[in-house]
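Please read the structure below before turning to the comments.
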Amino acid sequence: MVHAGRAVVILGLATSAAQGQTTTKPINDLPNPYQTVEGWAKLPDGRGWGSTSAVAIAPDGKSVWVAERCGANACAGSPLNSIYLFDATGNVQKAFGAGMLLSPHGIDVDRDGNVWVTDCSCTLGRNAQPRNPPAGHQVFKFSPDGKLLMTLGKAGGAGASDSGYFWQPNDVLVAPNGEIYVAEGHSSGAGSIARILKFSKDGKLIATWGQFGHGPDDYDQPHALAMDSRGRLFVGDRGNNRIKILDQNGKLLDTWYQFSRPSGIYIDKQDRLYVADSESGSVEKEHAAWKRGIRVGSAKDGKVTAFIPDPVESANNTSAAEGVAADAAGNIYGAEVGPRALKRYVKK
């Protein structure tokens with residue numbers, strides 16, 4: 001296992017976790033064994049999709065949970081549901097969440113089928129945050145039928161100087177033992193919040209790790225969470241163009257750069273690793289040598305084996321999938337913020 005601060009070689013590509021930089025050659029030319037299925041999931045009444053970065057697989061291995069932003073880029077003032085369950089044919093089976101979330105961002109489904117959603121509120125500036133009553137910047141636990149079971153965080157948010165939480169929670173992950181991990185901080189720059197929070201299964205704060213920065217133990221927009229079969233926590237440290245691998249006490253075990261700029265991460269039961277890059281060359285101009293898209297590989301050894309490229313060659317903003325998941329049959333689902341879509345990728 002590789003610890004931060006040591007020059008390492010991963011797949012023959014030099015990286016330096018200590019400096020937050022990488023000389024890894026861009027991985028853009030791997031085969032794409034998938035074909036794209038657009039329009040697979042059908043929203044009620046034929047309405048259009050809003051921005052979505054939240055997609056997860058139900059315990060049956062084939063149904064798909066999605067949280068989308070009410071036909072727009074935010075749900076503020078909308079009467080529409082924001083959380084949907086689709087069956088294997090793309091038809092809605094359940095829908096709920098109307099009036100509860102401002103900007104759904106991350107989603108996870110625990111072993112009991114409960115649905116956890118983060119309300120990042122990252123699409124609304126501070127002056128646009130609802131104040132009476134306050135809302136947003138929270139994590140919600142719903143039953144599969146939409147009953148609210150738990151809420152984490154202060155309605156309206158808590159800043160870095162506050163004793164509470166959250167401000168812009170990006171993603172949530174529930175471990176097999178029921179402990180809850182939240183990645184917080186969507187903004188980048190001095191004074192930004194950027195950390196991981198760990199809670200007990202009943203919602204009590206256990207620990208927080210990290211702060212904004214570019215060192216081995218820092219974060220810049222920790223945007224996505226996943227856990228492998230060994231119980232290692234994978235963090236998509238998007239602003240630093242890397243995946244950080246931690247143990248469940250927050251100890252840094254490894255740092256990977258070969259999956260590019262991670263907006264979304266998913267690990268299936270076979271430890272296949274799916275990473276969505278929605279910003280290289282568009283939002284992040286300095287990472288222009290890397291193409292946007294979904295990279296598929298192994299959570300065991302870090303090898304990248306396939307690449308689904310973004311069909312948009314010259315995007316000016318976020319493009320392609322930001323959230324990613326894969327069902328038991330190996331079909332991949334990409335949740336798109338910029339194009340406002342949910343795409344399905346099936347083996348050719």
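Values in this text are rule-based calculations from the coordinates and carry no lab data. As the structure is a prediction and not an experimental result, all values here were calculated from the model. Cβ coordinates were reconstructed from backbone atoms using ideal geometry, including for glycine residues, and neighbour counts include every protein chain displayed.
List Val109, Val182 from most exposed to least, where exposure is judged by having the fewest other Cβ atoms within 10 Å.
Numbers: Val109 20, Val182 26.
The order, fewest Cβ neighbours first, is Val109, Val182.
In terms of surrounding Cβ atoms within a 10 Å radius of their Cβ, Ser192, Ser163 rank from fewest to most as Ser163, Ser192.
Ordered by the count of other Cβ atoms within 10 Å of each Cβ, fewest first, Glu279, Glu284 give Glu284, Glu279.
For the chain, what is the relative contact order in percent, using Cα pairs closer than 8 Å and at least 6 residues apart in sequence?
Values: 1018 pairs, mean separation 57.5, N = 348.
Relative contact order of the chain: 17 percent.
Under 10 Å, Cα contacts only: if you run a Gaussian network model on the chain, which one of Pro169, Pro133, Pro31 comes out with the highest mean-square fluctuation? Judging by the Gaussian network model, the answer is Pro133. Taking every alpha carbon pair in the chain, what does the distance histogram look like in 20 angstrom bins from 0, in percent? Computed distribution, short to long bins: 34, 61, 5. Charged side chains reduced to their Cβ positions (Lys and Arg at +1, Asp and Glu at -1) give the chain a dipole of some 160 debye around its Cα centre. Net charge near Ile245, counting Lys/Arg +1 and Asp/Glu -1 over other residues with Cβ under 9 Å of its Cβ? For residues surrounding Ile245, the net value is -1. Annotation for Asn91 and His214: the two label points, set 7 Å from Cα along the Cα-Cβ direction, are 5.3 nm apart.
With 0.36 nm allotted per residue and the present C-alpha distance subtracted, the Ser188-Lys147 stretch has 11.3 nm of extension available. Could you sort out which of Lys244/Lys285; Lys25/Lys303; Lys62/Lys147 sit more than 18 Å apart by Cα distance in this structure? Long pairs (Cα-Cα over 18 Å): Lys244/Lys285; Lys62/Lys147. Taking amide H as placed 1.01 Å from N in the peptide plane, the amide H of Leu225 sits under 5 Å from that of Gly236, Ile265, each at least 5 places away or on another chain.
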